[in-house]
């Protein structure tokens, strides 16, 4: 007896230990899950946070250079080690921007100097966009000379450390072997000058006599016998009714713009050099102020116009009924009239130097006012940014300062991501996602609205397919089906959830999509005829004599519908070509496009809805079936005993009691659909469009991350916005789960007393 008591006591202690271990283990697991979710949440915030940081400037070097009052242009090479300036006197000077002990060079030291042309011949000056880095002096004899800075990179061993150190050697290269290029055949002085080059071809625009516009285009021609290259000019002259104030030439050498007060003439230049006036832009002086300057933005698609009110307006071509015309788009307030604008090499950022000596930094696409101030605390005269947009040179008198600029993500603002933006060349503001292109000066489009919309669209069509089938199957299986059939049906449906979604996406994209395209009338017929056939079969079955109906129990009656569904489906697809020929002249896709105006893509929302619905059905079915089956039998039996029919018992008792679980099943299915990746990645065209058309595709947040994350540069705006998309997806699922839990608790409290 004592031995038995000791064994029971030991068994109780062991059980108690196991219970406590299980309780602590489950608690620890739950806590770790919460910790993991919080870590994911904060890591996403950690990666995303830098895109919302403001611009910061930090002075790295400051030095003085003599004769700074006559600087025409500033520049620096890519590594920001050497700067250069072009003087009104025709001198081209290189100077050090940082100390370089290996070559005994200090910041501010003049490295090289060359007189490009004699000062008494110079009448005008022009520079290309920063990306081309060429400069032209207009001369008093109607010619121009073009200079370009060149930098040779070499590596030498540091005698102290033994490491290889980069050394950059600058030089000036004069185009056309230093020979002046004729711009005005008459040999008169070039009063104003604009110049651009695309490599082999150069184009000058000059003013002579105040109102005469000279356009000279040089094309390189190679002698196929000798291989010698010569520049052949084409001259054109246009006389305008008024003094020309500003000139610009686009880098593609297709357009020349001349400003006369508040009138901007746009000229098209053909390949052969022929000139035609395209349009006349009129500045609204009453609202914006009088125009004072004309500049090109990076990419040369936009024009920046400065005004005496301190505004800077952006203009670019927009498709209209009369063709593509320049149109005012947006404006930026510099606070004071702007005397100079510098643009970045590739991005749509521009820097203003105002008459009050203030520096302004703006980004056009996001309409961002990034910075406004005076870091030198003295009046600024010139500013220049390096090719990588990491450093700024600022000039104030003889003082030159090099600033480290932190402006990594100017294109990212909340409005740019969640509101309509008017992009260059677009007819109107729009929501657009286009993160990459083959061009360095591409205008990035980071609107998250199309891919968030695509996520909702894909989930909506999947749920439209999955919810009716999943819930109906769950209710029938749990309430009507016989136990002998249920024990096979439930595990079979649940095992469908183990199917890899990549296989479902593969089948949907390569097998299902072509079938739907080929047999679209048959698919529509299936969706209409199968429910009708089921209802008709049930009606006819109910009219049969009772001794026939009693041969099949209610729990197995649904099995009789299997051949009916197969037969109707086979007939629908078999007759599809005939229906298409008779009703749609053999081309239902052409009918949808041409007659109804509905775009049809092979990989579309219908394919995604079927494939992703097939993946979601097991989740909805399993949870809903368990909820319905778990309704206490005394409730349904009591209802039946009081005279209610099985259908009344189902709708009035069982479904209400099981509603918390059914709602949870739907929300779990929705969460699965929102986060699905591989099916939407493989079964849609991945086009980020906003259209509820069921025959068009979409791009979802998860698919967008999967597609573009491998190609994004770590730390770039693109990279961080993809993490922001992941954060948005995280919030989506958190929101749906929170709403589901809230509603489930309300339903549970409401019907728990039944």
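Nothing in this text is a laboratory measurement; each read-out follows from the coordinates by a stated rule. Fair warning: this is a prediction, and the values are worked out from it, not measured in the lab. No Cβ is skipped: glycine too gets one built from the backbone with ideal geometry, and neighbour counts run over all protein chains shown.
Quote the FRET efficiency, to the nearest 0.05, computed for residue 49 versus residue 200 with a Förster distance R0 of 45 Å and r equal to the Cβ-Cβ distance. Provide the component values of the computation, followed by the final result.
Details: r = 46 Å, r/R0 = 1.03.
The calculated FRET efficiency here is 0.45.
Got a sec? How would 709, 682 order by Cβ neighbour count within 10 Å, fewest to most?
On the way: 709 14, 682 24.
With the fewest neighbours first, 709, 682 line up as 709, 682.
Is segment 494-603 rounded, prolate or oblate when judged by the Cα gyration tensor, a ≥ b ≥ c being the square roots of its eigenvalues, rounded requiring a/c under 1.5 and prolate requiring a/b larger than b/c? Walk me through the intermediate numbers first.
Details: a/c = 3.53, a/b = 1.55, b/c = 2.27.
Since a/c reaches 1.5 but b/c is at least a/b, the shape of segment 494-603 is classed as oblate.
Mind sorting 484, 66 by how few other Cβ atoms lie within 10 Å of their own Cβ, fewest first?
Fewest to most other Cβ atoms nearby, the residues stand as 66, 484.
Under the 0.36 nm per residue contour assumption, what length would be gained going from the current alpha-carbon distance of residue 378 and residue 185 to full extension?
On the way: separation 193, 0.36 × 193 = 69.48 nm, distance 4.48 nm.
Full-extension gain reported as 65.0 nm.
First check a/c for segment 449-751, with a ≥ b ≥ c the square roots of the eigenvalues of its C-alpha gyration tensor; if it is under 1.5, answer rounded, and if not, answer prolate when a/b is larger than b/c or oblate otherwise. All intermediate terms of the calculation are to be shown ahead of the outcome.
Details: a/c = 2.51, a/b = 1.28, b/c = 1.95.
Oblate is the answer for segment 449-751, as a/c is 1.5 or above yet b/c matches or exceeds a/b.
Kindly express, to the nearest 10 degrees and within the range 0 to 90, the angle between helix 449-475's C-alpha long axis and the longest C-alpha principal axis of the chain.
Around 10 degrees separate the two axes.
Order by neighbour count: 547, 718, 307, fewest other Cβ atoms within 10 Å first, most last. Don't skip to the end; give the middle numbers.
Values: 547 7, 718 19, 307 24.
With the sparsest Cβ surroundings first, the list reads 547, 718, 307.
Kindly state, to the nearest 0.05, the FRET efficiency for residue 406 paired with residue 285, given R0 = 45 Å and r defined as their beta-carbon distance. Before the final figure, lay out each step's value.
Working: r = 37 Å, r/R0 = 0.83.
The formula returns an efficiency of 0.75 here.
With an 8 Å Cα cut-off and a minimum separation of 6 or more residues, compute the relative contact order for the chain in percent. Walk me through the numbers before you get to the answer.
Numbers: 1447 pairs, mean separation 72.1, N = 754.
Contact order relative to length: 10 percent.
For segment 290-430, would you read off the P(r) tail past 25 Å as a percentage of all alpha carbon pairs?
The share of Cα pairs beyond 25 Å in segment 290-430 comes to 27 percent.
Hey, what angle do you get for helix 605-629 against the long axis of the chain, alpha-carbon based, 0 to 90 degrees rounded to 10?
Once rounded, one gets 40 degrees.
What is segment 290-430's relative contact order, in percent, from Cα pairs under 8 angstrom and six or more apart in sequence?
On the way: 318 pairs, mean separation 24.1, N = 141.
Reported as a whole number, the value is 17 percent.
Given Cα pairs under 8 Å that are at least 6 residues apart, what percent is the relative contact order of segment 449-751? Before the final figure, lay out the partial values.
Values: 400 pairs, mean separation 95.7, N = 303.
Rounded, it is 32 percent for segment 449-751.
Treating the angle as unsigned and between 0 and 90°, give the value, to the nearest 10°, between the Cα long axis of helix 2-48 and the longest Cα principal axis of the chain.
That works out to roughly 30 degrees.
Determine, from the Cβ-Cβ distance of residue 271 and residue 58 and an R0 of 56 Å, the FRET efficiency 1/(1 + (r/R0)^6), rounded to the nearest 0.05. Intermediate results must be reported in sequence, preceding the final value.
Details: r = 47 Å, r/R0 = 0.85.
So, using R0 = 56 Å, E works out to roughly 0.75.
Which residues does the label zone of residue 356 cover in segment 299-323, counting backbone N under 20 Å from a point 7 Å along Cα→Cβ?
Output list for this probe position: 306-313.
For the pair residue 553 and residue 482, how long in nm is the line joining their label points, each one 7 Å along Cα→Cβ?
In this crude label model, residue 553 to residue 482 measures out at 0.5 nm.
Starting with the highest mean, order 495-502, 127-134 by the number of other Cβ atoms within 10 Å, averaged over the residues of each peptide. Write out the running numbers ahead of the final one.
Numbers: 495-502: 12.9, 127-134: 18.4.
Peptide ranking by packing, descending: 127-134, 495-502.
Note the listed values (1) 82, 65, 54; (2) 141, 66, 49; (3) 117, 86, 59, then indicate which one is Cα extents along the principal axes in Å calculated from this particular structure.
(3)
Checking the a/c ratio against 1.5 first, then a/b against b/c, what shape does the Cα gyration tensor give for segment 545-632?
Numbers: a/c = 4.22, a/b = 1.59, b/c = 2.66.
Because a/c hits 1.5 or more and a/b fails to exceed b/c, segment 545-632 counts as oblate.
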